[in-house]
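One structure is given here, and the rest of the page talks about it.
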Amino acid sequence: MSVIVGTIEQFDESFEQRSSYTEEFKYFVLVNDIDQDNIVPTCFSVMGPKTCNLLDSLLQPDRSGNKTYGDIVEILKGHFSQEPLVNAERFRFHRRHQEEGESVPMFAVALKKLSEH
């Protein structure tokens, strides 16, 4: 068995965008030379129980084991790519204050991320 290079956290939609996580997973698969037959099982083992349960619900009555990695990405993309509510995003942006000990550059990055919508 080969050594796993790097780590990948469970997907948390409140913290990161699905497209960023998909990109991170793609590099994880590349760097660890995971073959095509093991991409879906690897995806399920790292995405976390919350996302696995969500995916199972989205696929009902079908089974997630019958899907390809591309199918899984498209299904999750369709679920997480819903248009955000402008007023809610505006509220989050205006509510964001610089945290104690947070540097100005990090605060600017947080504001830039909130301004995407």
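The values are calculated or read from the model by the stated rules, or taken from the named source; none is laboratory data. If you're wondering where the values come from, they're calculated on a predicted model, not measured in any experiment. Cβ coordinates were reconstructed from backbone atoms using ideal geometry, including for glycine residues, and neighbour counts include every protein chain displayed.
Taking the listed residues 8, 4, the one that is assigned to a loop (DSSP other than H, G, I, E, B), within 28 Å of residue 110 (Cα to Cα), hydrophobic (A, V, I, L, M, F, W, C) and in contact (Cβ under 8 Å) with a residue 12 or more places away in the chain is 8, with no other qualifying. For the range 14-62, a residue qualifies if it is at pLDDT 85 or above, part of a helix (DSSP H, G or I) and polar (S, T, N, Q), and the qualifying residues are 22, 36, 38, 42, 45, 51, 53, 57. Which members of the range 22-37 meet the condition of being surrounded by 14 or more Cβ atoms within 10 Å (Cβ to Cβ) and either under 19 Å from residue 67 (Cα atoms) or in contact with a Leu (Cβ under 9 Å, 6 or more places away or on another chain) (or both)? Result: 22, 25, 29, 34. Looking at the range 102-110, is at least one residue farther than 24 Å from residue 26 by Cα, surrounded by 10 or more Cβ atoms within 10 Å (Cβ to Cβ) and in contact (Cβ under 8 Å) with a residue 12 or more places away in the chain? There is at least one residue in the range 102-110 that is farther than 24 Å from residue 26 by Cα, surrounded by 10 or more Cβ atoms within 10 Å (Cβ to Cβ) and in contact (Cβ under 8 Å) with a residue 12 or more places away in the chain.
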